[in-house]
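Scroll down for the structure; my scribbles are underneath it.
The values are calculated or read from the model by the stated rules, or taken from the named source; none is laboratory data. Computed from a predicted model, the values in this text were never measured in an experiment. Here the Cβ is made from the backbone with ideal geometry for all residues, glycine too, and neighbour counts use every protein chain on show.
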Amino acid sequence: MRNLPDAADLLKTARDGLLNGLLPHLPKEHHYTALMAANALAIALREIQSDAGHAQAEATLLHELYGSAAASEGVDAFATRLASDLRTGRFDARLPEVGSLLLAEVSARLRVSNPKYLKQAGLA
Amino acid sequence: MDAKTETTGQPDIAGFAAAFLQQETGAAAVEVLGCKRLGGGAIQENLLIDVAIRGGDWDGQHELVLRTDSPSGLAVSLGRAEEFAVLKVAFAAGVTVPEPLWLYRDSGAPGGLGKDFYLMRKAEGSAAARPLVRGELSAEARDALLAELGAELARLHAVRPPVAGLDFLPLPDGAPALSRVKEYRRRIDAIGRPQPTLEWALRWLELNAPARTEVTLTHGDFRTGNYMVADGRLSAVLDWEFAGWSDPLEDIGWLCARCWRFGAWEHEVGGIGGTAALARGYAAVAGQPFDLELLPYWKVMGTMRWAVIALMQAERHLSGEQPSLELALTGRMLPEIELDLIQEIQTIEEERARHA
C-alpha cells in the first residue's frame with residue numbers, strides 16, 4: 001500500500017503554499033530566505049522525480065574509462081579512483097575525452113539541481 | 001556595503017571606539033551620534049559610526065567605518081591588523097580605497113575589546129552588484145567604469161615585493177599558478193570527498209600553467225560586489241582580506257570568471273562589459289596592457305577557486321558546524337561551477353586546435 005499523497009505531491013504543494021500563500025505576506029527582508037527554501041524544495045522534488053539519467057551517466061563514464069570489470073567497484077570507490085588517477089596523470093593522453101564524459105555526468109546532476117543553467121550554457 | 005537600517009545591538013563597540021579615538025586624536029571628547037551595521041561578509045563585520053570629535057586634530061563630525069571580526073569569524077584570511085597594513089600600502093600606491101585611519105590592536109589585557117579593529121573613512125556609493133549589471137548604466141558609462149577598474153588594478157599591480165610592513169604575506173613558491181593548484185588540492189583533500197571533475201580541471205591547470213614567476217601585490221577578491229560605485233564612478237575598492245603576492249592576472253581572471261557576472265553572461269568583465277575597456281584603463285596606468293592571451297587560463301583558475309570555496313562552504317553545513325540553507329544550496333551549485341570549468345577548458349582547447 002502506498003502513502004498518498006506521495007513525497008513529490010507534498011513537496012510541490014508545500015512549495016506552492018510557500019510561494020503563493022506565504023511569500024506575499026512576508027516582509028521584504030525575509031523574501032530571500034523564502035525563495036531559497038522554495039528552491040530547495042524544487043531541487044528535492046526534481047531529485048525524487050529524476051529518472052536513471054545520472055546513474056546512467058556515471059555508469060557510462062565508468063565503463064568508458066575502466067571497462068566492464070570496474071563496474072563492480074561501486075560508484076564511490078570509482079569516484080575516488082578516478083580522482084586519484086586524474087591527479088597522478090594516468091589520463092593525461094585522454095584529457096579532452098575524459099572532459100566530455102565528465103560533462104555528461106555533470107549535466108545529469110544539473111538537470112536536478114538547476115536545469116535552467118544547463119539551458120543557459122547551451123546544453124539543454 | 002549596503003546600509004541596513006538595523007542597529008548593531010553592540011553599543012559597547014562604538015563606545016569603546018569613541019574612547020580609543022579620543023586617545024588617538026588627542027580630543028577633549030568624542031561622542032557617538034549613530035552606529036549601524038553595514039552588510040559585510042560572513043567573516044568581517046563593518047559598522048558605520050558617526051562621531052562628533054571635540055578638540056584635537058580631528059575636531060568636527062566624521063563618518064567612519066569600523067571593521068572587525070564577526071562572531072563567526074574564520075581563520076582563512078588576513079587578520080584585521082594585516083588587512084590594515086595592506087590597505088595602507090594600497091592607499092599609498094594610489095588605489096581608490098577607503099582611507100585607513102587608525103588600527104586598534106588588542107593586547108589581551110583586561111579592559112580591552114578582545115579583538116582587533118580598524119577605522120577608515122566612509123566611502124560613498126554602493127557595492128550592490130545587481131543594479132550595476134542589470135543595465136542601470138549606459139554603454140559609455142560601463143566602458144568608463146571598466147577603464148577605472150583597469151586603472152585601479154594597474155596601480156595595485158605596480159606594487160612589488162619586498163614592501164616594508166607586508167612581510168607577513170608569503171611569496172609563492174615558484175610559479176603562482178602551480179602554487180594555487182597545490183593549495184586547491186590540499187583544500188579538496190582536507191574535505192575528503194573525491195571530486196573527479198575538479199581533479200580533471202586541476203590537472204589541466206597544472207599541465208598548462210604559465211611558466212612566469214613575476215608576482216605583484218594582488219587584491220585576491222577583486223570582483224563586482226567588492227567595489228563601490230557612486231554616480232557611475234568607482235568610489236572604493238573594498239574587502240582586502242585575501243590580498244597577497246601572486247600573478248597579477250589572477251585578479252583579472254577572477255574579475256572575468258563566469259561566476260561573477262551575476263547572470264549577465266555576455267559581459268565578460270564582472271557582468272559590466274568587455275575586456276577591451278578594462279585593458280585600455282590598465283594600459284593607461286601600467287604603460288602596457290595585461291597579457292590577453294593568458295587571461296583564459298586565469299579565468300579557469302578563478303572558476304576553480306570558486307569551486308573550492310563552494311565546497312568549503314557546503315562542508316560547513318554538511319559537517320554540522322554551521323547548518324544553513326544558504327550554505328546547503330551553495331553545495332548544490334557545484335555542478336554549475338563544474339560545467340563552467342569544463343566548458344572554459346574545452347573552449348581554450350578548441351581555440352588552440354584551430355590555430356595549430
Across region B:329-356, which residue is surrounded by the fewest Cβ atoms within 10 Å (Cβ to Cβ) among those that are more than 7 Å from chain A (Cβ to nearest Cβ) and outside any helix (DSSP H, G or I)? B:Ala356
Close pairs (7 angstrom Cβ cut-off, 6 or more residues apart or separate chains): within 9 Å of chain B (Cβ to nearest Cβ) in region A:85-96, β-branched (Val, Ile, Thr) and surrounded by 13 or more Cβ atoms within 10 Å (Cβ to Cβ) anywhere: A:Phe91/A:Val98
A:Glu105 fails exactly one of the following numbered conditions: (1) more than 8 Å from every other protein chain (Cβ to nearest Cβ); (2) in contact (Cβ under 8 Å) with a residue 24 or more places away in the chain. What is the number of that condition? (1)
Test: residue in region B:175-182 that is of a type in the set (D, E, K, R), more than 30 Å from A:Leu103 (Cα to Cα) and either within 19 Å of the chain's Cα centre (by Cα) or within 14 Å of chain A (Cβ to nearest Cβ) (or both): no
State whether one or more residues within region A:44-66 are part of a helix (DSSP H, G or I) and aromatic (Phe, Trp, Tyr). yes
Output the number of the condition that B:Gly150 fails; it satisfies all remaining conditions of (1) part of a loop (DSSP other than H, G, I, E, B); (2) buried (at least 22 other Cβ atoms within 10 Å of the Cβ). (1)
Does B:Thr330 qualify as being closer than 19 Å to A:Leu41 by Cβ, modelled with pLDDT of 95 or more and hydroxyl-bearing (Ser, Thr, Tyr)? yes
So if I check each of A:Ala121, A:Ala38, which one is over 22 Å from B:Leu198 (Cα atoms), surrounded by 15 or more Cβ atoms within 10 Å (Cβ to Cβ) and among the aliphatic types (A, V, I, L, M)? A:Ala38
For region A:1-29 the number of residues that are within 14 Å of chain B (Cβ to nearest Cβ) and exposed (fewer than 12 other Cβ atoms within 10 Å of the Cβ) is 3
Go through region A:74-84 and count every residue that is more than 7 Å from chain B (Cβ to nearest Cβ) and buried (at least 18 other Cβ atoms within 10 Å of the Cβ). 2
Kindly check whether there is at least one residue in region A:65-73 that is within 11 Å of chain B (Cβ to nearest Cβ), surrounded by 16 or more Cβ atoms within 10 Å (Cβ to Cβ) and not β-branched (Val, Ile, Thr). yes
Taking the condition within 9 Å of chain B (Cβ to nearest Cβ), touching a residue at least 60 places away in the same chain (Cβ under 8 Å), more than 30 Å from B:Leu178 (Cα to Cα) and of a type in the set (S, T, N, Q), does A:Ser113 pass? yes
Quick check on region B:210-218. Is at least one of its residues over 21 Å from B:Ala151 (Cβ atoms), surrounded by 20 or more Cβ atoms within 10 Å (Cβ to Cβ) and either assigned by TED's automatic domain parsing to the domain that holds B:Glu293 or free of Cβ contacts under 8 Å to residues at least 60 places away in the same chain (or both)? no
Out of (1) modelled with pLDDT of 95 or more; (2) more than 12 Å from chain A (Cβ to nearest Cβ), the one B:Asp189 does not meet is (2)
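Residues are listed down the side, and each one gets a yes or a no for (1) more than 14 Å from every other protein chain (Cβ to nearest Cβ); (2) under 24 Å from B:Glu338 (Cα atoms); (3) in contact with a Leu (Cβ under 7 Å, 6 or more places away or on another chain):
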position	(1), (2), (3)
B:Thr224	yes, yes, yes
B:Met228	yes, no, yes
B:Leu234	yes, no, yes
B:Trp240	yes, no, yes
B:Gly244	yes, no, yes
B:Asp251	yes, yes, yes
B:Cys259	no, yes, no
B:Gly287	yes, no, no
Unique residue being under 16 Å from the mean Cα position of the chain (by Cα) and not assigned by TED's automatic domain parsing to the domain that holds B:Ala276 when the list is B:Gly94, B:Gly108, B:Gly79: B:Gly79
